[in-house]
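> For reference, the structure I am asking about is given below.
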Amino acid sequence: MGGADLAIQTEALKKKYGDKEALAGLDLQVPRGVVHGLLGPNGAGKTTAVRILSTLLKHDEGTARVAGYDIASQAARVRYSIGLLGQHAAVDEDLSGRQNLVMFGRLYHIGKRKAQQRADELLERFGLTEAAGKPVKQYSGGMRRRLDLAASLILAPSVLFLDEPTTGLDPRGRNDVWESVRGLIAEGRTVLLTTQYLEEADQLADMISLIDNGRVVETGTPDQLKNKIGGDRIDIVLRRPHDVPRAARLMGTLLRSEPETDSDNRRVSAVVEDRVAALTTVARELDEAGIEAEDIALRRPSLDEVFLHLTGNGTVTSAEPSLKETAQP
Ligand SMILES: Nc1ncnc2c1ncn2[C@@H]1O[C@H](COP(=O)(O)OP(=O)(O)OP(=O)(O)O)[C@@H](O)[C@H]1O
Ligand SMILES: [Mg+2]
């Protein structure tokens with residue numbers, strides 16, 4: 001794909017903070033009009049990448065173009081082509097939602113009338129009209145995040161950076177933000193979305209780059225990433241915990257793949273090649289062996305599994321509760 005078709009393109013982008021290499025040669029190619037997810041654990045370099053691409057931070061080595069402009073030599077042009085929703089919100093707590101948006105507009109040198117008009121449009125669009133006059137400190141987490149989104153859209157940017165747009169939100173707040181993001185996508189904007197929520201990347205992104213230690217370790221569609229670790233899985237929940245080892249041995253032999261076990265949840269899970277054959281064979285053989293199953297299901301691998309598999313970093317998900325969708329209320 002030629003550079004002209006790309007909304008974001010980085011080559012061997014590097015950044016150090018003292019001795020700490022935050023970006024270790026980041027290569028990204030994001031076509032126009034797609035949502036590209038940057039998925040990675042704490043400290044992977046996601047925010048560093050976003051800050052560099054939105055010209056808030058200078059890189060050390062490599063090159064990058066955003067909306068067709070070089071981030072080093074054409075930084076001002078980049079700035080007027082992008083919107084940024086930072087990991088930590090930039091709104092003023094004591095001002096109302098509307099005042100905040102008007103202020104952002106004024107910062108971008110939009111005339112007062114136009115800034116007010118734009119603020120009202122955006123408040124309406126993100127369902128904040130009623131709360132427009134209230135100070136932001138009275139907003140819920142979801143309302144704040146929607147206000148942040150509105151603020152990032154003041155200039156109607158073609159490229160939007162969303163750094164962890166839903167971290168800390170409850171499921172409802174997260175859904176509201178997802179809906180808003182889907183609306184932005186429908187307008188043809190390019191979105192670079194960073195997230196630690198695998199489900200979020202799966203829901204919103206056309207393409208996902210997994211990043212770890214400042215580099216891209218894998219890029220693909222959510223389905224491609226799932227296929228990388230070997231197709232579908234069969235999940236069995238047993239009635240009795242002490243059957244877990246025996247069921248695992250049996251499934252290992254039948255499916256010729258090493259099953260994973262979770263004794264606490266009485267679960268055995270293995271990769272399958274032929275879905276239906278695997279399901280019937282496993283069900284029959286367990287039954288013949290006198291092992292009672294409470295549930296048997298086929299499923300696609302989760303992105304958690306993809307991430308663990310591809311980065312080989314088993315500590316990431318267990319140490320980081322936000323990576324576990326199931327840990328969310
Ligand atoms: N201002 C800074 N000074 C020193 N080190 C920093 C600074 N900012 C980030 N780092 C380090 O650089 C690495 C990358 O940080 P970055 O914030 O880009 O990660 P991240 O992927 O956004 O993580 P998170 O998911 O926690 O937001 C981390 O090891 C971090 O500790
Ligand atoms: Mg970050």
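The values are calculated or read from the model by the stated rules, or taken from the named source; none is laboratory data. Computed from a prediction, not measured in an experiment: that's the story for all the values here. Here Cβ is always computed from backbone atoms with ideal geometry, including for glycine, and neighbour counts include all displayed protein chains. Accessible surface areas use protein heavy atoms only, side chains included; no ligands, DNA or RNA. Shrake-Rupley method; radii C 1.70, N 1.55, O 1.52, S 1.80 Å.
> Viscosity 0.692 mPa s, temperature 37 °C: give me the Stokes-Einstein translational D for the chain in µm²/s, with Rh taken as the Kirkwood radius over C-alpha pairs.
So the translational diffusion coefficient is about 150 µm²/s.
> Could you tell me the relative contact order of the chain? Use alpha-carbon pairs under 8 Å, at least six residues apart, and round to a whole percent.
Worked out over the chain, it gives 19 percent.
> Quick one: if you stick a label point 7 Å off each Cα along the C-beta vector at residue 124 and residue 304, how many nm between them?
For the pair residue 124/residue 304, the computed spacing is 4.3 nm.
> Same structure, new question: Identify which of 251, 103, 207 has the largest mean-square fluctuation in a Gaussian network model of the chain, with springs joining Cα atoms closer than 10 Å.
Among 251, 103, 207, the largest GNM mean-square fluctuation belongs to 251.
> Can I ask one more? Roughly what % antiparallel, to the nearest 5, for the DSSP beta bridges in the chain?
65 percent
> Given the stretch 84-195, what percent of its DSSP beta bridges are antiparallel, to the nearest 5?
DSSP beta bridges in the stretch 84-195 are roughly 10 percent antiparallel.
> Here's a follow-up. Can you give me the distance in nm between label points at residue 292 and residue 206, each placed 7 Å from the Cα along the Cα-to-Cβ direction?
In this crude label model, residue 292 to residue 206 measures out at 5.1 nm.
> May I ask which of 15/46; 46/137; 20/58; 20/228 have a Cα-Cα span longer than 21 Å here?
Values: 15/46 12 Å; 46/137 28 Å; 20/58 15 Å; 20/228 31 Å.
Violating the 21 Å Cα-Cα cut-off are 46/137; 20/228.
> In nm, to one decimal, how far is the residue 170 label point from the residue 77 one, both placed 7 Å along Cα→Cβ?
4.7 nm
> Right, next: How high is the relative contact order of the stretch 134-194? Use alpha-carbon pairs under 8 Å, at least six apart in sequence, and give a whole percent.
Relative contact order comes out at 44 percent.
> Skipping prolines and chain starts, which residues have an amide H placed within reach, meaning under 5 Å, of the one on residue 208, given they are 5 or more residues away or on another chain?
Distant-sequence amide H within range of residue 208: 37, 220, 221.
> Pairs of alpha-carbon atoms within less than 8 angstrom and 6+ residues apart define the contacts here; what relative contact order does the stretch 82-143 have, in percent? Before the final figure, lay out each step's value.
On the way: 54 pairs, mean separation 25.5, N = 62.
Reported relative contact order: 41 percent.
> Once you list every other residue whose beta carbon is under 11 Å from the beta carbon of residue 65, what net charge do they have if Lys and Arg are +1 and Asp and Glu are -1?
Spelling it out: positives minus negatives among the neighbours equals -1.
> Rounded to the nearest whole Å², what accessible area per residue is found for the chain with the 1.4 Å probe?
Here the per-residue accessible area is 48 Å².
> Once phi is turned into θ = phi - 60°, what whole-Hz ³J(HN,Hα) does the Karplus curve with 6.51, -1.76 and 1.60 give for every residue of the stretch 243-251, x standing for Gly and Pro?
Going residue by residue, I get 7, 4, x, 5, 5, 5, 4, 4, 5 Hz, with x marking Gly and Pro.
> Another question about this same structure. Evaluate E = 1/(1 + (r/R0)^6) for residue 249 and residue 273, where r is the Cβ-Cβ distance and R0 equals 22 Å; express this FRET efficiency to the nearest 0.05.
0.70
> Also: Among 238-246, 263-271, how do they line up from the highest to the lowest mean number of other beta-carbon atoms within 10 Å?
Those peptides, ordered most packed to least, come out 263-271, 238-246.
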